[in-house]
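Report on the following structure.
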4 protein chains.
Amino acid sequence: MAGNTFGTIFCVSTFGESHGEAVGCIIDGCPAGLPLSVEDIRLELARRKPGGGGASTTRQEADEPEILSGVFEGKTLGTPIAIIVRNRNQRSGDYEAVKELYRPGHADWPWDAKYGFRDYRGGGRSSARETIGRVAAGAAAKVLLKTFGVHVRAWTQAIAGIEAPLWGNPSFNDEEIERNPLRVPCKETAEKIMVKVDEARKNGDSLGGIISCRVTGLPPGIGMPVFAKLDALLAGAVLSIGACKGIEFGAGFDAANLEGSQNNDAIFPGKKSSCWQMPENVPDVSFQKNDAGGIIGGISTGAPLEFRAAFKPIPSISKPQNTIDKNGIARIIEVQGRHDVCVCPRAVPVVEAMTALVLADMILLARSDRI
Amino acid sequence: MAGNTFGTIFCVSTFGESHGEAVGCIIDGCPAGLPLSVEDIRLELARRKPGGGGASTTRQEADEPEILSGVFEGKTLGTPIAIIVRNRNQRSGDYEAVKELYRPGHADWPWDAKYGFRDYRGGGRSSARETIGRVAAGAAAKVLLKTFGVHVRAWTQAIAGIEAPLWGNPSFNDEEIERNPLRVPCKETAEKIMVKVDEARKNGDSLGGIISCRVTGLPPGIGMPVFAKLDALLAGAVLSIGACKGIEFGAGFDAANLEGSQNNDAIFPGKKSSCWQMPENVPDVSFQKNDAGGIIGGISTGAPLEFRAAFKPIPSISKPQNTIDKNGIARIIEVQGRHDVCVCPRAVPVVEAMTALVLADMILLARSDRI
Amino acid sequence: MAGNTFGTIFCVSTFGESHGEAVGCIIDGCPAGLPLSVEDIRLELARRKPGGGGASTTRQEADEPEILSGVFEGKTLGTPIAIIVRNRNQRSGDYEAVKELYRPGHADWPWDAKYGFRDYRGGGRSSARETIGRVAAGAAAKVLLKTFGVHVRAWTQAIAGIEAPLWGNPSFNDEEIERNPLRVPCKETAEKIMVKVDEARKNGDSLGGIISCRVTGLPPGIGMPVFAKLDALLAGAVLSIGACKGIEFGAGFDAANLEGSQNNDAIFPGKKSSCWQMPENVPDVSFQKNDAGGIIGGISTGAPLEFRAAFKPIPSISKPQNTIDKNGIARIIEVQGRHDVCVCPRAVPVVEAMTALVLADMILLARSDRI
Amino acid sequence: MAGNTFGTIFCVSTFGESHGEAVGCIIDGCPAGLPLSVEDIRLELARRKPGGGGASTTRQEADEPEILSGVFEGKTLGTPIAIIVRNRNQRSGDYEAVKELYRPGHADWPWDAKYGFRDYRGGGRSSARETIGRVAAGAAAKVLLKTFGVHVRAWTQAIAGIEAPLWGNPSFNDEEIERNPLRVPCKETAEKIMVKVDEARKNGDSLGGIISCRVTGLPPGIGMPVFAKLDALLAGAVLSIGACKGIEFGAGFDAANLEGSQNNDAIFPGKKSSCWQMPENVPDVSFQKNDAGGIIGGISTGAPLEFRAAFKPIPSISKPQNTIDKNGIARIIEVQGRHDVCVCPRAVPVVEAMTALVLADMILLARSDRI
């Protein structure tokens, strides 16, 4: 475990720097016989590309994936699936200016403090391009999850404090998500946010936001007490995405203000399921609400799994900022180049990917819960 | 990895059910030569015992730890340190009533859905008694961290929405924390909260709250991109504590509402440190504020590491609740017995323990960052 | 991974020094619902106790196991199973003499070179008592394997060059193994070896030997290419037993002298099995012989799994030997105390335990080979 | 852990099928600042290419490595180092004939029994081409080991029972190893073996052999009791190489025939070393001989580490053999194509690579042995 591998039996290792030769991943532990094509990968990668919505950089990235191994005649072999994406649009010259300066809010200085050395071009390994490997692996995880009837969906919940309606609200429109470039599940909210985004771009500033995620079809019994609780793993997975600063499940931080009689979820008899995961001697249940966010005691309840994650504003802004150079001398920096205004729209598929990776691994592990 | 082991080279495995023979842990990977005594463990375990403050159960737990291995002549051997605490005050009879019923908000039903079988006495493995193993291991991790000059401190930030002053505020009193049974760093706030706690207890209800944690002395360069980012590991560690529903680092969810120019932290020249972790060719820095909570790009910055975690109200309440029994029949349950009103005061040492475990592991791993 | 944990999803951690408080293990990842009793553990531990056969020490060890967790109402809970055995017969005084001297052939000096510090009493953690934790865990693994129809049997193949007949030979007597204290599957050979053992004991010397192991009922398809090949894992498992110096599978070192046409195993149509592990579209096979030892390409073939392991003579001998003391001064040492003459008879259950641990883990993992 | 990743903090994952797009590896956990070039990789890969010596296939493999990430300006970044080698000389047509037949001695059938599906072209993932990833990663590990003064050297000890002189013998010629295509450290022995190799090729047969490995410069204190003993890890590493059927350390299987007084190694005062790994308070030693092979109690002693590994004859022979087809029908197979006669010469760099991977990992881990 050297930091770039994730999972126990459905394992993903990512590699690559922003301006190196390529980024990519190896998926080890995907069961044999799963139909998987390069098109499955390409579709997910397309979702993390810069859109036209204005919240994203206009840098053109082809992001054409190549499957190097692990798939034969359209099906997974049970062997490692290696996927690479070449880095093409490398204008390293753009970054020479910041070679000597540490950008505030970026990992430049901590990286140097750790390794004594870094690839300064475009953030190197701490670039958002690293998530290409995650999204490619997540695409395979999603295909696997589909065979279990599990569906993962994330969206932009809020940018700069402007909130979309909550799931369950009539204004919440599931199908709208992929229609607008901000991935906000409500056209009106999207339009309001876009005004704010345009303003920030003009000011050379950036914006923070919140991503929500909802998983349906997840059987009960997934997650492993005590350290590999489902929420613990998801928290680790989502917080490993750059710029993420917090996560909450179900009622989350609001639960801290509630009384037990308000927060507890009454249990009622449920409809008989034929889920592989349910032992025969255990009755099915239904829950009144879902303040728990679909996880109690670290184990899925069968109710929709729901969490929200906070993302800080992108640190690349063109306003002048105080910093120091490699010699420790105080300097002023103005970050140039094409940058996203808010990370959320493009981070949506990354949140989905990380969620899918956790669930794929935990579902496979759950096969050994009982003799 | 079957869920009960935590860490990469400083590894902790916990075991034990609430009403089984014992709970405890094995610490594997603690370096040799560290002075460690049973008293170090006992002191930390005493902190998670029920206090007199009214927020905790009156169940008497001796919690006397025994070190079975790994320590010789007062020093660690580099071999596994096994620590056990016998379960003494086992009134299993108390729990016969709920043997047939699933308690709302508890892991009873998900546990059955997963394993088809559970130790229903006192919650079994999902009991808070499981944290004894964590706190015992955390005690050793704290001793190790002290040799690196690292200090971990947590406290109750809020209960039922009544907030203590923030760190840095003149009313914040570090020394007050261990003086009042709620572990609130402000006497006046503690008294206000106590009124609320007494009221909830009388009503047979419970309360949620927030725990804050602050780590000082942590060198820069700790944490491993990309999946083992320091915040990702801490999020996973803290969310693995029962009842925890969310975590945020630094500005956290507030950062989602900020602009980059507000959230970014200006960098200034810092005082020369002689820290083992700093490469010679990298300049020291200081930060204007610390919205990042001491972590950027998943790597510690040397500024204090700060996070907040949300805890839901304890699900054991004596008010009547809807549920079902093992046969799927709808029933009403009134949970009897002695229960805490709010988990926060006793969870403070558990949050510290999990934080210490992550940091001990990551600091040891950082020894191999550079040749 | 700090060296004292073994396995991926059926994980075992052992702990304990020879003269500390206790030795034992935690088994994490045993599926729920497996019938397991302390008697299952006790029976296996009894097999590694000193026998009356003269090859073993006369040190009396009660070795009474206690299950601290993970079992409820006679069945496994799916939670960690902690097992401890108190160290009772600790005559530490016996070892004061060697406190200052490094015993040749023992781990005393390498241990000091590594940790700068050791528990010198009875070898500390490098004592054969450490294998109690392995055998206890192996007992649980054997119970699990039995549910899959898998049976693990080891025996003493040779001591001091005197060989028992090979499996398949009419003189090979499976039932004789546990009848004679040397665990040799042939009464006549056992008697010949005993003469040699008595002679060595009188001379204050010790003897090396070979243990064979044979697993029947193992389905095909177990083992994970490429690094977790079944033979690779077994080699690592068996070589982790103190005093083991080599291992070979099937024809082993003899295969190095053969031609492909001699070593290859012809394939013939097999009887239709209904094994869970066999995919429907794959034909069953039978093999002409079994030079491969039941493993090809790191995957079990369904034929009996067979290997042999070499054990060096026990280094504790009472003849005078050259060594140095803690100050580096040349000295003569004569190791006193009660010691086994040959490790093999007592190592037989340890070899079985390690084999069972590997197979339990790999069989559970094989559940995720295909979608 | 899904079988294709090796190591704890210096971790290597390999991927690729023989006739897929590419084979390769990711090295995760290589410390930053290590000088590493594509030439370092290329040189090691060249050593595993078919030579002109007649023991190897004449298949032309360019095996041109490409470093995709983790190296910047000639030095490692501390990030994952991805290396790929394209598969060029893919004459898949050659293998269509065996698509329907299971080759005796090959992993074809066990692979089908496990996954229900395989890439039949050239053995797919079970091809020796998989070792390209290992050798590439081993090249980096060797560069790292060199900074610690550790040198790994393997050679062909025997083929078809014709043995080279043992190390220490005057006829043993270290420099001869890379001069003759068989990698035998003695010209005369190499010539004798070549006669045997030519004969086998003419007969359409193949030969087994033995590889020896010797590591010098390894400091004492490397290896982690109890399951990660240095010999246990090396055994697992070397047995994971296809065709390897056994391993022995130091006196190995011969030790089973010895008495303790013969096998024990007397200890004498040693020359003061300034090795980072030696604690100040522990005296240096020297050993009389080295029957232990440089490892006692799973920890390196500072003496040369020595082991031997047995390799079976290559199963691809052109003589007719009994087998079955995919429908379970009995058939005769005659394997066509270009195949090595003996795996040993080309397996030498693979044995070195696996040894280097284990040592790199264990040396980094040993940095945390003591506080």
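Quick one: helix C:230-239 against the long Cα principal axis of chain C, what's the angle to the nearest 10°, folded into 0 to 90?
Rounded to the nearest ten degrees, it is 10.
Take the Cα gyration tensor of the stretch B:5-368, multiply each eigenvalue by 5, square-root it, and list the three semi-axes largest first, rounded to whole angstrom.
They are 35, 26, 19 Å, listed from largest to smallest.
Going 7 Å from Cα along the Cα-Cβ axis for the label, what nanometre distances separate B:I332 from the same residue across the other copies?
In ascending order, 7.3, 8.6, 9.0 nm.
Could you list the residues of the stretch C:253-282 with an amide nitrogen less than 16 Å from a label point located 7 Å from the Cα of C:Q288 in the Cα-to-C-beta direction?
Once the point is set 7 Å along Cα→Cβ of C:Q288, C:258-270 turn out to lie under 16 Å by backbone N, inside the stretch C:253-282.
If the cut-off is a Cα-Cα distance under 16 Å, which aspartates and glutamates reach B:K114, setting aside same-chain residues fewer than 8 apart in sequence?
Straight-line reach from B:K114, under 16 Å: A:D231, A:E280, A:D284, A:D361, A:D369, C:D28.
Distance from the Cα centre of the stretch A:249-324 to that of the stretch C:258-320, in angstrom?
Here the two parts' Cα centres lie 49 Å apart.
Once you have the Cα-Cα distance between B:K271 and B:E178, take 0.36 nm times their residue separation minus that, and quote the gain in nm to one decimal.
Roughly 30.2 nm would be gained on extension.
For the stretch D:265-273, take each phi angle, set θ = phi - 60°, evaluate the Karplus expression 6.51 cos²θ - 1.76 cosθ + 1.60, and give the result in whole Hz per residue in order, putting x for glycine and proline.
For the stretch D:265-273, the Karplus curve yields 10, 4, 10, 10, x, x, 6, 4, 9 Hz.
Check which residues have an amide H placed less than 5 Å from C:I295's amide H, if you skip close sequence neighbours.
C:T301
How many Cβ atoms of partner chains, on average, are near each residue of C:125-136 if near means within 10 Å of its Cβ?
2
Over the whole of B:193-205, what's the average partner chain Cβ count within 10 Å per residue? Rounded to a whole number, please.
Mean partner shielding for this stretch: 1.
Once the label point is set 7 Å along the Cα-to-beta-carbon vector, what list of distances in nm do you get between B:N169 and its counterparts in the other copies?
In nanometres, ordered from closest: 2.9, 8.2, 8.4.
Could you check which residue among B:G250, B:G298, B:G270 shows the biggest mean-square fluctuation in a GNM of chain B with a 10 Å Cα cutoff?
Looking only at B:G250, B:G298, B:G270, the biggest GNM fluctuation is shown by B:G270.
Answer with one residue from B:W167, B:T76, B:G270: the one whose Cα lies farthest towards the positive end of the charge dipole of the stretch B:5-368, charges on Cβ with Lys, Arg +1 and Asp, Glu -1.
Toward the positive end, the furthest listed residue is B:T76.
Taking chain D as the reference, fit the longest principal axis to its C-alpha atoms, fit the long axis of helix D:187-202 to the helix C-alpha atoms, and give the angle between the two in degrees, 0 to 90, nearest 10.
For D:187-202 against chain D, the angle is about 20 degrees.
For C:274-282, what's the mean count of beta carbons from other chains sitting within 10 Å of each residue's beta carbon?
Mean shielding by partner chains, rounded to a whole number: 4.
Based on the mean of other beta carbon atoms within 10 Å per residue, what is the order of B:141-152, A:155-166, D:224-235, most packed first?
Highest-to-lowest ranking by the protection proxy: D:224-235, A:155-166, B:141-152.
Calculate how steeply helix B:38-48 sits against the longest principal axis of the alpha-carbon atoms of chain B, using the helix alpha-carbon long axis, and give the answer as 0 to 90 degrees to the nearest 10.
Helix B:38-48 sits roughly 60 degrees off the main axis of chain B.
Amide H neighbours of D:R370 under 5 Å, at least 5 residues apart or on other chains, H built in the peptide plane: list them.
Amide H neighbours of D:R370, under 5 Å, 5+ apart: B:A32.
So for B:D361, A:D284, fewest C-beta neighbours within 10 Å to most, what's the order?
Lowest to highest Cβ neighbour count: A:D284, B:D361.
Given a cut-off of 26 Å, name the pairs among A:K146/C:K146; C:K245/C:K319; C:K229/D:K142; B:K49/B:K245; B:K75/D:K289 whose C-alpha atoms lie farther apart than that in the structure shown.
Where the Cα-Cα span goes over 26 Å, the pairs concerned are A:K146/C:K146; B:K75/D:K289.
Each value in this text was obtained by applying a stated rule to the coordinates, not by laboratory testing. Computed from a predicted model, the values in this text were never measured in an experiment. Here Cβ is always computed from backbone atoms with ideal geometry, including for glycine, and neighbour counts include all displayed protein chains.
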